[in-house]
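Inspection log for the structure reproduced underneath, given as structure tokens.
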Amino acid sequence: MKAVDNRTEVCEFLATRRAKISPEQAGVPLYSGRRRVPGLRREEVAHLAGVSTDYYTRLEKPSMQRILDSMTTAPAFIRNGRLDVLAVNPLGRALYAPVFDEPVRTLNLARFCFLDRRADDFYPDWYSAAKTTVAVLRTEAGRAPYDRELTDLVGELATRSDAFRIRWAAHDVRLHRTGAKHFRHPVVGELDLAFDAMELPADAGLTLTAYTAEPGSAAAEKLTLLASWAAPLPEPGSTSAPDRPGR
């Protein structure tokens, strides 16, 4: 019998029930400022449930993962304003392979940029990556000044990284929604990719970022190679296996 996929029903149930409960009913402290969603915010539900905001967000977003998985030729991921990666497609995971090497905590691009030594090699133009990273966090701080997880993240980075602390003090919030980004991948080498970052209208605070390469370019060939490298291994008993560069 075919298993029933009830992820959509779960998503709708969580979202609709959250919208029907007021902060007063849940005993959630009220902060000044306009609330952009009816009912409780996701972070408030997560706090009440004793789970991380990222985990709860994933529960409400099964459809977003399906959209990402359908993008087979473009690395793509969804992040929040703190630069936590909430969902990613297989090619995006392959592109950001060094970032995903750390399974201990929630994957955060800001921590990788400023606290992981491999970031200098992964981002050949590290200064540009660092500037953009701080600008995203600054923008989020203005959007959600009472976000405890953001405050904790900024405090951690400022304590552990002089480079972050200096850039944070500059108060730079300029962002680019489209442009070019340069990577040095440990398997396929140098990659020059175009990117587009699109806010999700139905999900305030979440952004989908996708990378593409010019058709026929060296970068396009490397993305194809990266997709092959990231392809799942065949089931036991299969007669063929995908090429895995560098292994």
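Each value in this text was obtained by applying a stated rule to the coordinates, not by laboratory testing. Please read all numbers here as calculations on a predicted model, not as lab measurements. Every residue, glycine among them, receives a Cβ derived from its backbone with ideal geometry; neighbour counts consider all protein chains shown.
Data overview
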{"read-out": "Fully extended contour minus Cα-Cα distance, from Ala204 to Ser228, at 0.36 nm per residue", "value": "5.2 nm"}
{"read-out": "Karplus (6.51, -1.76, 1.60) ³J(HN,Hα), θ = phi - 60°, over the range 110-115, in Hz, Gly and Pro reported as x", "value": "6, 4, 4, 4, 9, 10"}
{"read-out": "Shape of the range 74-230, Cα gyration tensor, a/c cut at 1.5", "value": "prolate"}
{"read-out": "Shape of the range 56-166, Cα gyration tensor, a/c cut at 1.5", "value": "oblate"}
{"read-out": "Rough spin-label spacing in nm, given labels placed 7 Å along Cα→Cβ, for Asp172 and Asp152", "value": "2.9"}
{"read-out": "Cut-off 13 Å between beta-carbons: net charge of the residues surrounding Pro124, Lys and Arg +1, Asp and Glu -1", "value": "-2"}
{"read-out": "Ranking of Lys222, Lys181 by count of other Cβ atoms within 10 Å, fewest first", "value": "Lys181, Lys222"}
{"read-out": "Dipole of the range 74-230, positive end: most advanced residue of Ala130, Ala74, Tyr211 [Cβ charges, Cα centre]", "value": "Ala130"}
{"read-out": "Estimated inter-spin distance, Arg66 and Glu102, nm [label 7 Å along Cα→Cβ]", "value": "3.3"}
{"read-out": "Leu115 versus Glu190: modelled label distance in nm, points set 7 Å from Cα along the beta carbon direction", "value": "3.2"}
